[in-house]
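Colleague: I'd like to ask some things about the structure below.
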Amino acid sequence: MDILVTGGAGYIGSHTTIELVNEGHNVVIVDNLSNSNKLVIDRIEEITGKSVTSYFIDLLNKDELDKVFKNNHIDAVIHFAGFKAVGESVALPLKYYSNNLVSTLNLCEVMEENDVYNLIFSSSATVYGKPESFPIKETFSTKAYNPYGRSKLIIEEILMDLSHSNEKWNITLLRYFNPVGAHASGEIGEDPNGTPNNLMPYITQVAVGKLQELNVFGDDYDTVDGTGVRDYIHVVDLAKGHLKALENIEANDRLEIVNLGTGEGYSVKQVIEAFQEASGQHINYKIVDRRPGDVATSYADPTKAYEKLGWKAEKDINDMCRDSWNWQQKNPNGYEEK
Ligand code: NAD
Ligand code: UD1
């Protein structure tokens, strides 16, 4: 198939592009490089041995986007592009609403105008807010606690309306749990700007000596050891979930919502231990206050992904830690050229 990947130079988009190309799909990337680097495209091409058409344009520019559709045959779109930093979204809500919402509206309008109706959207487990029971099923109620999460929820609702408006639309909303890890080559991985907000990149930067110690946000939660529990999923497994969603997109109902997680929760302390074992590196850490907005526990019920898409995660926490460490060791400064 001919697939347009928005945000294809980003963390999840680049890993998904590799899996798509390896499966024989033809990929066109659109990315404004606001949170990524051109070098990613070179690395994708090195890893796959194939060239990938890339447009470094902004989805906010509808005319430029339309040209991409006019100049390329597109069967389906995987829409990763968007801003994702929760803390920044609280400080700069308009930046998040205008980028995440307007880019999605532009994309859907241009898709309709060009008769392309297959869309996979990157949503997040953050839309479940503070669930009362576990594992989390797609049928659970949703609630946003910050502008980033609200932008995901609003987009989900817009896409639901769109799917009701015209039976041609086939839309899959994928709700990711906590993506970590990197491609086995160690050539592409997660490259956060500044000090990482998320656990795994923080741990790898402590391990490589860029940061001194990890702050563990609270050890008084009602969990196995008091630290927060999450469903970490290897980014390559996550990428493969998109291929399965693509294969099934036309057979599915007009709109499907699917969790992508492993179904297993690990506490912060368990992740530190697994990382130490996989890397042979000692991680200094200290317990600090809870991070405002954090939930104690989050893990998926991935049954629907298996039943509807025939997908399940294959990699375990050891694979995730090993591959995150491999990427960090090979690229201590991320994509920054030496
Ligand atoms: P990322 O920041 O690495 O990738 C997003 C890409 O989109 C970047 O390359 C950025 O340059 C590009 N982009 C942003 N705005 C754009 C615009 N207006 N026009 C063109 N390109 C634009 O993020 P990621 O981790 O790969 O996440 C991909 C998607 O998955 C995002 O929508 C994110 O919200 C969602 N998601 C991510 C996580 C996670 O933990 N990484 C979890 C749940 C959901
Ligand atoms: C964060 C986002 C969430 C987003 C998800 C995936 C917040 C509040 N939530 O979720 O919206 O969908 O990433 O990108 O930012 N931790 C530490 N020390 C650290 C970093 C994290 O102890 O330096 C702990 C956290 O308290 C949590 C766990 O590690 O228990 C995972 O944190 P993180 O990687 O930031 O992911 P989430 O909090 O699940």
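Colleague: Residue pairs, Cβ under 9 Å, 6 or more apart or interchain, first in segment 42-62 and on the phi > 0 side of the Ramachandran plot, second β-branched (Val, Ile, Thr). List them.
Modeller: Gly49/Val21
Colleague: Follow-up. Is there any pair with a first residue in segment 192-207 that is buried (at least 16 other Cβ atoms within 10 Å of the Cβ) and a second that is charged (D, E, K, R) whose Cβ atoms are under 7 Å apart and which are 6 or more apart or on different chains, and what are they?
Modeller: Pro201/Glu190; Val206/Glu213
Colleague: Which count do you get for residues in segment 170-191 that are among the hydroxyl-bearing types (Ser, Thr, Tyr) and either more than 9 Å from ligand 2 (Cβ to nearest atom) or without any contact (Cβ under 8 Å) to a residue 60 or more places away in the chain (or both)? Walk me through how you get there before you give the answer.
Modeller: Restricting attention to segment 170-191, the residues satisfying the condition of being among the hydroxyl-bearing types (Ser, Thr, Tyr) are 172, 176, 185.
Next, from what is left, pick out any that are either more than 9 Å from ligand 2 (Cβ to nearest atom) or without any contact (Cβ under 8 Å) to a residue 60 or more places away in the chain (or both): 172, 185.
Residues flagged as among the hydroxyl-bearing types (Ser, Thr, Tyr) and either more than 9 Å from ligand 2 (Cβ to nearest atom) or without any contact (Cβ under 8 Å) to a residue 60 or more places away in the chain (or both) within segment 170-191 amount to 2.
Colleague: Right, something else. Only one residue in Lys50, Lys38 is in contact with a helix residue (DSSP H, G or I) (Cβ under 8 Å, 6 or more places away or on another chain) and either surrounded by fewer than 18 Cβ atoms within 10 Å (Cβ to Cβ) or modelled with pLDDT of 95 or more (or both). Which one?
Modeller: Exactly one of Lys50, Lys38 is in contact with a helix residue (DSSP H, G or I) (Cβ under 8 Å, 6 or more places away or on another chain) and either surrounded by fewer than 18 Cβ atoms within 10 Å (Cβ to Cβ) or modelled with pLDDT of 95 or more (or both), namely Lys50.
Colleague: Filter segment 168-193 down to residues that are part of a loop (DSSP other than H, G, I, E, B) and either in contact with a Gly (Cβ under 6 Å, 6 or more places away or on another chain) or at pLDDT 95 or above (or both), then give me how many there are.
Modeller: 14
Colleague: Being within 16 Å of ligand 2 (Cβ to nearest atom) and either touching a Ser or Thr at 6+ places or on another chain (Cβ under 7 Å) or polar (S, T, N, Q) (or both) is the filter here, so list the residues in segment 2-11 that pass it.
Modeller: Gly10
Colleague: From the set of residues in segment 210-229 that are under 26 Å from Glu187 (Cα atoms) and touching a residue at least 24 places away in the same chain (Cβ under 8 Å), which is surrounded by the fewest Cβ atoms within 10 Å (Cβ to Cβ)? Full working, then the answer.
Modeller: Keep residues of segment 210-229 that are under 26 Å from Glu187 (Cα atoms), which gives 210-214.
Restricting the remaining residues to those that are touching a residue at least 24 places away in the same chain (Cβ under 8 Å) gives 210, 212-214.
Working: Lys210: 14, Gln212: 8, Glu213: 11, Leu214: 21.
The residue in question is Gln212.
Colleague: Quick test for you: out of Thr262, Thr297, pick the one residue that is at pLDDT 95 or above, β-branched (Val, Ile, Thr), in contact with a Ser or Thr (Cβ under 8 Å, 6 or more places away or on another chain) and closer than 29 Å to Glu88 by Cβ.
Modeller: That would be Thr297, the only listed residue that is at pLDDT 95 or above, β-branched (Val, Ile, Thr), in contact with a Ser or Thr (Cβ under 8 Å, 6 or more places away or on another chain) and closer than 29 Å to Glu88 by Cβ.
Colleague: Name the strands (runs of 3 or more DSSP E) wholly within segment 212-324 that hold at least 2 residues that are closer than 30 Å to Met1 by Cβ and touching a strand residue (DSSP E or B) at 6+ places or on another chain (Cβ under 7 Å)? Full working, then the answer.
Modeller: On the way: elements: 214-217, 232-234, 255-260, 285-288.
Those strands (runs of 3 or more DSSP E) span 232-234, 255-260.
Each row is one residue, and each column tells you yes or no for (1) in contact with a Ser or Thr (Cβ under 6 Å, 6 or more places away or on another chain); (2) within 16 Å of ligand 2 (Cβ to nearest atom).
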position: Arg43; (1), (2): no, no
position: Thr48; (1), (2): no, no
position: Leu59; (1), (2): yes, no
position: Phe69; (1), (2): no, no
position: Asp75; (1), (2): no, no
position: Ile78; (1), (2): no, no
position: Gly82; (1), (2): no, yes
position: Pro93; (1), (2): no, yes
position: Leu105; (1), (2): no, no
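Colleague: Now for a different question. Condition first: open to solvent by 20 Å² or more (accessible area, probe 1.4 Å), touching a residue at least 12 places away in the same chain (Cβ under 8 Å) and of a type outside the set (Asp, Glu). Now tell me which residues in segment 153-169 satisfy that.
Modeller: Within segment 153-169, Leu153, Ile154, Ile158, Met160, Leu162, His164, Asn166, Lys168 meet the criteria.
Colleague: Go through (1) within 10 Å of ligand 2 (Cβ to nearest atom); (2) open to solvent by 30 Å² or more (accessible area, probe 1.4 Å); (3) of a type in the set (Ser, Thr, Tyr) one by one and return the number of the condition Ser133 breaks.
Modeller: With respect to (1) within 10 Å of ligand 2 (Cβ to nearest atom); (2) open to solvent by 30 Å² or more (accessible area, probe 1.4 Å); (3) of a type in the set (Ser, Thr, Tyr), Ser133 is out only on (1).
Colleague: Go through (1) on the phi < 0 side of the Ramachandran plot; (2) of a type in the set (Gly, Ala, Ser); (3) buried (at least 20 other Cβ atoms within 10 Å of the Cβ) one by one and return the number of the condition Gly181 breaks.
Modeller: With (1) on the phi < 0 side of the Ramachandran plot; (2) of a type in the set (Gly, Ala, Ser); (3) buried (at least 20 other Cβ atoms within 10 Å of the Cβ) applied to Gly181, the lone miss is (1).
The values are calculated or read from the model by the stated rules, or taken from the named source; none is laboratory data. This is a predicted model, so every value here is computed, not measured. Counting neighbours? That spans all protein chains shown, and the Cβs are built from the backbone with ideal geometry, glycine included. With ligands, DNA and RNA removed, areas are computed over all heavy atoms of the protein, side chains included. Shrake-Rupley method; radii C 1.70, N 1.55, O 1.52, S 1.80 Å.
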